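The values are calculated or read from the model by the stated rules, or taken from the named source; none is laboratory data. A quick note: this is a predicted structure, and the numbers were derived from the prediction, not measured. Don't worry about glycine lacking a Cβ; one is built from the backbone with ideal geometry, like all the others, and counts go over all protein chains shown. Accessible surface areas use protein heavy atoms only, side chains included; no ligands, DNA or RNA. Shrake-Rupley method; radii C 1.70, N 1.55, O 1.52, S 1.80 Å.
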Amino acid sequence: MSLAPPMFLTAAIVGAEATHAQNPAVPYLPSEIADEAIRCWEKGASMVHLHARKPDGTPSQSAELFGEAIERIRAACDIIVQVSTGGAVGMTGEERCQPLTLSGALAPEMATLSCGSVNFGEEIFENPRPLMRDIAGRIRAAGIKPELEIFDTGMMDEARYLQKKGLIDFPAHFDFVLGVPGGLAAREDALDYLLTLLPEGSTWSVAGIGRFELPMVEAAAKRGGHARVGFEDNVFLSKGVLAKGSFELVEAATAIAKRCGRRIATPAETRQILGIEGSVASQ
Ligand code: KMH
Ligand code: ZN
């Protein structure tokens with residue numbers, strides 16, 4: 001029996017960037033998003049990171065679209081629902097925060113909080129301090145646990161800034177998104193450095209972009225962390241082979257974790273790891 005702590009997997013199944021041109025299996029409709037979340041849960045994911053799309057694939061942060069997906073997901077399984085407040089490049093803060101208004105049975109258990117601006121390919125994912133403070137305040141007011149999205153090293157200091165301002169609590173949960181063109185590369189030495197900056201008692205996961213997705217799962221597994229996989233970050237199962245769905249990437253991540261001696265955490269165990277067992281949405 002393994003004594004290593006269980007590892008949780010987050011499935012980022014939609015995102016704002018991947019389209020049918022990259023992989024026809026990217027889910028757009030709330031029903032497609034829900035079905036994919038459920039398939040990922042069946043393969044071992046205990047959290048789903050949600051975005052929404054209009055029927056033509058345009059990214060949307062509409063609370064109605066998120067709500068429809070969440071309702072379907074919760075009717076079928078106990079996966080933790082984490083909503084994006086990052087949305088897509090160019091969206092306003094107001095637009096990005098719409099999913100935080102969902103309440104009752106549709107309330108998310110977690111929400112992302114990006115801790116700074118970053119070059120995002122040819123564009124800029126803008127998160128100036130007033131916007132970060134605003135989004136952090138809204139997440140806190142909604143009683144939701146934030147997942148701090150870290151695209152580069154200085155963002156660890158920005159997280160500390162938010163904590164000093166009383167907008168987030170430490171320990172926290174950090175997600176290192178490594179390999180965005182313009183952000184910190186998906187290298188093991190970069191991950192090791194980030195870990196030296198982690199506030200005491202915090203938890204962490206890694207999301208490797210593109211071909212770095214599965215290697216970063218292994219890096220996280222070996223270091224006692226957690227990982228995120230799915231079409232938001234990568235649409236290939238292996239070189240030149242499109243994944244049939246994010247569920248195949250979850251399945252591959254599960255196999256890697258087990259090979260590294262890590263058992264996959266259930267949603268209940270993940271809620272314990274993240275300290276969200278008592279949140280309104282998980283009751
Ligand atoms: N789509 C990216 C520009 C998040 O979900 O919090 C931002 C993003 C981050 O996806
Ligand atoms: Zn996202």
Residue by residue through region 1-34, note down the ones that are in contact with a His (Cβ under 8 Å, 6 or more places away or on another chain) and among the aliphatic types (A, V, I, L, M). MET7, LEU9, ALA11, ALA12, ILE13, VAL14, ALA16, VAL26
So the check is Cβ under 6 Å with 6+ separation or different chains; which pairs have a first residue in region 189-206 that's assigned to a helix (DSSP H, G or I) and a second one that's crowded, with 19+ Cβ neighbours inside 10 Å? ALA190/LEU184; LEU191/ALA219; LEU194/PHE176
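Among residues belonging to region 84-96 that are of a type in the set (Val, Ile, Thr) and touching a residue at least 40 places away in the same chain (Cβ under 8 Å), point out the one that is surrounded by the most Cβ atoms within 10 Å (Cβ to Cβ).
Going through the qualifying residues, I end up with THR85.
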What tally of residues in region 1-37 results from selecting those that are open to solvent by 60 Å² or more (accessible area, probe 1.4 Å) and within 27 Å of GLY90 (Cβ to Cβ)? 7
Does region 222-245 contain any residue that is away from ligand 2 (no atom under 16 Å from the Cβ), crowded, with 19+ Cβ neighbours inside 10 Å and part of a helix (DSSP H, G or I)? no
Here the residues within region 61-83 that are within 16 Å of ligand 1 (Cβ to nearest atom) and crowded, with 22+ Cβ neighbours inside 10 Å are GLN61, LEU65, PHE66, ALA69, ILE70, ILE80, VAL81, GLN82, VAL83
